[in-house]
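For reference, the structure discussed in these notes is given below.
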Amino acid sequence: MDIFFSFNNDKDDISTFEFPKMNITCKVFLTSLIVFTFFNLFRLYFVECYYDLIEAEEDSFDLNTIFLRPKYSEIFNTWHSCFSENLLRIEDPEKFWQLFEGVSQKCDSWAHVEKLGIVNLKKYERVKSVIFPKVAPFRLNLESNNLFSIGIGRDVQVEKSFKRKIGHDVQFYGVDPNFHEKEKLYSQLGDFFPARIGMNPRISDNMILMKDGKTQKTNVIYLDIIYYFNQLVKVKRVDHLWFDGDGEEFDDGFFDIFYRNGRFEKNQIEVCQINMEVLILDEQLSFIIFFQIHRNPDTSEHKIKFMHFVKRLIEEKQYGIFCGDHFVNNRMFMFNFQSQYCLKKFLIGP
């Protein structure tokens, strides 16, 4: 780089120091760097506020669903005919697993299930579907609601969104074995239980995320789900059950609780709305979940169980299965059409 010195003839005889002009490439680079830096600062500090503003705009639209009075029998029967026609004839569990999402979306559209007032709460990769309690115009609904999270995600933003939208008393209950990470998260909302939910109460070794971010094999308590509802929280009517599976649901007959004459029905436990994620990892596919690699060699057996589960729900005509979504796991939203409590609170209204 050339540096030029020049001396003028003014009486102060001050020397001047002159730099060469910045070329266009440097200007473009510096401008891009400044824009990129400010963009990332915005994302870092303001993205939560941005999502909150977007959700606030959606609140008025979502809450209008509380005044809907859908023809739920007609919607359910149309959906059921579509689901039966497209899924009951499939015998290959792999094909069933792959086609589930497409059939679900097709039948949702055909039956116009959105008229039930289904609202999708989404925060990053987490999506939960809900139907808010129906109320009469100009009446304040003071009836309490409960929400059970069986398995807790990396954050509780969707739960917070649910609480804000519903606008009144909600009892939150969370169950997850990763107590170091999840207890602090969920205690902001309600009661937290450091355990797994299953069919058979026991103590078993599990890989748990510790405070230092590393996983460690630790003894985990498995709570029987009926004991949990009957004895620990003493709840007979479950408004919202958010179940995020990690493969454990296949090992001990967990699906059986939702069937007619299953353990829920035998113990007079009514479950209205269920968000379920069924996770199956292929033999040649692995994903890092909570900094731990899970591999599951029994995918064929698990897909058979999933197929039998969905088919039996179709045949029993108790739950509608909506909002099917598939990435690694199959997501679904279920509503109980045989419970008068659920129908009155969420579809018929006062």
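Summarising the label geometry, the points placed 7 Å from Cα in the beta-carbon direction at Glu85 and Ile203 lie 5.6 nm from one another.
Using a 7 Å offset from Cα along Cα-Cβ at Ser73, what residues in the stretch 305-338 end up with backbone N under 18 Å from the label point? Under 18 Å, as judged by backbone N against the label point of Ser73, lie 317-320, 336-338 of the stretch 305-338. A simple spin-label model places pseudo-atoms 7 Å from Cα toward Cβ; at Gln338 and Lys106 they are separated by 2.7 nm. Sparsely packed loop sites in the stretch 306-345 (the chymotrypsin sites (Phe, Trp or Tyr not before Pro) outside DSSP H, G, I, E and B with at most 15 other Cβ atoms within 10 Å) comprise Phe327. Label-to-label distance for Lys236 and Arg312 is 2.5 nm, based on points extended 7 Å past Cα in the beta-carbon direction. Counting only the heavy atoms of the protein chains, how much of Ile66 is accessible to a 1.4 Å probe, in Å² to the nearest 10? Solvent-accessible area, nearest 10 Å²: 30 Å². Here the scattering of the stretch 102-203 is modelled by Debye summation over its C-alpha atoms, one equal scatterer each and no solvent; at q = 0.10, 0.17, 0.20, 0.21 Å⁻¹ the log10 of I(q)/I(0) is -0.38, -0.92, -1.08, -1.13. Within straight-line reach of Lys106, meaning a Cα separation under 26 Å, sit the following lysines at least 8 residues removed in sequence or on another chain: Lys71, Lys95, Lys115, Lys122, Lys123, Lys128, Lys303, Lys305, Lys311, Lys317.
The values are calculated or read from the model by the stated rules, or taken from the named source; none is laboratory data. What you see is a predicted model; the values in this text were computed from it and never measured. Reconstructed Cβ throughout: ideal geometry from the backbone, glycine too, with neighbour counts over all protein chains shown. We work out accessible area using only protein heavy atoms, side chains counted, and drop any ligands, DNA or RNA first. Shrake-Rupley method; radii C 1.70, N 1.55, O 1.52, S 1.80 Å.
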